[in-house]
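Structure, as structure tokens:
Read-outs throughout are calculated quantities, based only on the coordinates presented, and are distinct from any laboratory measurement. What you see is a predicted model, and the numbers here were worked out from it, not measured in a lab. Neighbour counts run over all protein chains shown; Cβ positions are idealised from the backbone, glycine included.
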Amino acid sequence: MKRILLKLSGEALAGEKGTGFDLATVEKVAGQIAKLHEKGIETGIVIGGGNFWRGRSGTEIDRTKSDQIGMLATIMNCIYVSDVVRSHGIITSVLTPFECGSFTKLFSKDRVNKYFSKGIIAFFAGGTGHPYFSTDTGAVLRAAEIEADALLLAKAIDGVYSADPKDDPQAIRYDRISLDEVIEKDLRVVDMTAAIMAKENHLSMRVFALQEEDSILKAVEGDFNGTIVTA
């Protein structure tokens with residue numbers, strides 16, 4: 001792979017705490033990203049906001065406002081993780097689909113290509129910039145825009161299952177499955193909007209558990225413990 005889009009679960013970055021950041025986990029992630037950089041792999045990164053706020057969970061307030069809080073959560077995550085990656089001697093930049101003062105740069109494909117040509121790792125924060133779209137959809141959108149070779153989904157769960165393994169101990173994990181099957185069976189690897197967009201753009205995915213040792217590196221190399229979702 002020459003160019004990838006890595007989607008990190010905000011919840012997974014929190015470790016066992018479930019909220020906030022677990023520095024040991026983030027350091028391991030940053031170390032793997034640094035190794036990808038050494039290999040010359042151009043890397044874009046999207047981070048969910050589940051360790052702080054999920055827009056769909058804020059039922060006590062207007063959904064649009066709740067989603068806006070979720071967008072801000074992803075910006076906080078990207079600023080934090082990008083700075084830990086910087087401690088490995090790598091230049092990073094956080095891009096958003098809307099103006100965010102001097103904290104971030106405004107996203108454009110041209111800007112991203114320029115960054116990649118200079119060896120800069122791009123963090124895509126703020127989702128799509130619109131309510132009712134998840135960070136999964138934001139990740140697929142950015143992966144399609146930057147023409148990534150694959151979308152890597154580092155989650156709190158180790159692949160795609162026939163049902164939620166927390167609720168169904170008989171749930172089967174797939175080693176390989178197509179996007180058509182994911183959509184037909186409503187498996188919720190990503191939300192339905194993201195799945196359909198990935199299918200339309202022929203974007204394959206690799207789904208794996210972030211907490212496993214060197215999981216990101218193994219996913220790129222193909223020798224990983226997870227699920228390949230084919231386009």
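Data overview
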read-out: Any hit, region 28-38, residues being under 21 Å from Arg3 (Cα atoms), surrounded by 15 or more Cβ atoms within 10 Å (Cβ to Cβ), touching a helix residue (DSSP H, G or I) at 6+ places or on another chain (Cβ under 6 Å) and free of Cβ contacts under 8 Å to residues at least 60 places away in the same chain; value: yes
read-out: Selection status of Val140, within 27 Å of Asp214 (Cβ to Cβ), surrounded by 19 or more Cβ atoms within 10 Å (Cβ to Cβ), in contact (Cβ under 8 Å) with a residue 40 or more places away in the chain and within 16 Å of the chain's Cα centre (by Cα); value: yes
read-out: Matching residues, region 112-149, being of a type in the set (A, V, I, L, M, F, W, C) and touching a strand residue (DSSP E or B) at 6+ places or on another chain (Cβ under 6 Å); value: Val112, Phe116, Ile120, Ile121, Ala122, Phe123, Phe124, Ala125, Ala139, Ala143, Ile146, Ala148
read-out: Residue within region 173-188 that is surrounded by 15 or more Cβ atoms within 10 Å (Cβ to Cβ), touching a helix residue (DSSP H, G or I) at 6+ places or on another chain (Cβ under 7 Å) and among the polar types (S, T, N, Q) present; value: no
read-out: Total residues in region 99-126, condition closer than 19 Å to Glu145 by Cβ and touching a residue at least 60 places away in the same chain (Cβ under 8 Å); value: 7
read-out: Filter result for Gly55 (under 24 Å from Gly159 (Cβ atoms) and either without any contact (Cβ under 8 Å) to a residue 60 or more places away in the chain or buried (at least 17 other Cβ atoms within 10 Å of the Cβ) (or both)); value: no
read-out: When residues of region 143-182 are limited to those that are over 17 Å from the mean Cα position of the chain (by Cα) and among the basic types (Lys, Arg), the one farthest from Gly44 (Cα to Cα); value: Lys166
read-out: Candidates Thr64, Thr104, filtered to the one that is over 17 Å from the mean Cα position of the chain (by Cα) and crowded, with 20+ Cβ neighbours inside 10 Å; value: Thr104
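Conditions (1) within 14 Å of Ala125 (Cβ to Cβ); (2) surrounded by 21 or more Cβ atoms within 10 Å (Cβ to Cβ); (3) free of Cβ contacts under 8 Å to residues at least 12 places away in the same chain, marked per residue:
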residue	(1), (2), (3)
Ile45	yes, yes, no
Gly48	yes, yes, no
Asp83	yes, no, yes
Pro97	yes, no, no
